[in-house]
């Protein structure tokens, strides 16, 4: 993770701040006037022009330090003599004119993502590119499970889910994601009722799957499992792991990664980890934390929220806490590679910055 700090560096022999220090102070908002010893407001000098590297809280903190002639209250920003400032056990030099960037100081440079089939990409169909990212090794097992579930449900002994039928069924689901409607039935309508604003999707003609067959396939859909009976999320966790492994094998992300979260609509019954987040455009469904490559906008890693209790035992949680641990898991394959990680504000914290 890239961090910037203008005109600040530890004084010689000083130790760096420790992540999670319970004595850390809060930087006052720049809109409030600083206090003098007698408690009267004092006018600020005009702030110095910011460099192109200044942004966000880092820049605000540095501006506060540069504009203060002195700080009388040790619980405010620290204590200093004009050229140095002390924060807890660390003494910082001021106005050094340096920009500290760990990536550049270690010789890392920006680079683009690399797709393993880039040399033949122009000869590939869209479906072939899609398949290169999909854990296709799971498909036969999915078809077997869907076939058995349908026979057990009384669909007849001839009920069989082939790979071709599975992919057409999958295609309809992606189509629905791209063309949202108020209800599922509208995708299969071929005639409009009076006064209806009607878009003729007619999926049966396109995919040879009518509404009745689609409902049966939805009922039969079942993911393979690692047979962890105590974990109702096990099938999803396995598919998540297989998908991440497949994507990692076909694309090497560039120097910029973006960690964020998103919601996928789900109105079914009994899904582990069901989330209701009213502020989201899709408020009810499955929450996913994702890592995307900044240069291609391709999601290269995903982690589905498995419920509060289950997530307590996830990797890195004990050492760093929930949010920093999520960010660390989502970037784990690229730790130590010098990539720059941009975090959604929900992940941002001092602990996450220090861990990165």
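Please treat every number below as a calculation from the coordinates, not as lab data. Please read these numbers as outputs of a predicted model, since none were measured by experiment. Because the Cβ atoms are built from the backbone with ideal geometry, glycine has one as well, and the counts that use them run over all protein chains shown.
Before moving on, here are some points about what is shown:
- Global form of the stretch 134-220, assessed from the alpha-carbon gyration tensor, a/c cut-off 1.5: prolate
- With neighbour counts taken as other beta-carbon atoms within 10 Å, the residues 335, 170 rank, fewest first, as 335, 170.
- Here the residues 330, 203, 121, 278, ranked from fewest to most Cβ neighbours within 10 Å of their Cβ, fall in the order 278, 121, 203, 330.
- Ascending count of other beta-carbon atoms within 10 Å, so fewest first, for 83, 132: 83, 132
- 20 °C / 1.002 mPa s Stokes-Einstein diffusion coefficient of the stretch 172-309, Kirkwood radius on C-alpha pairs, µm²/s: 121
- The stretch 228-298-the stretch 95-173 distance, computed between alpha-carbon centres (Å): 13
- Reference-scaled alpha-carbon Rg (2.2 N^0.38 Å with N residues) for the stretch 234-355: 1.06
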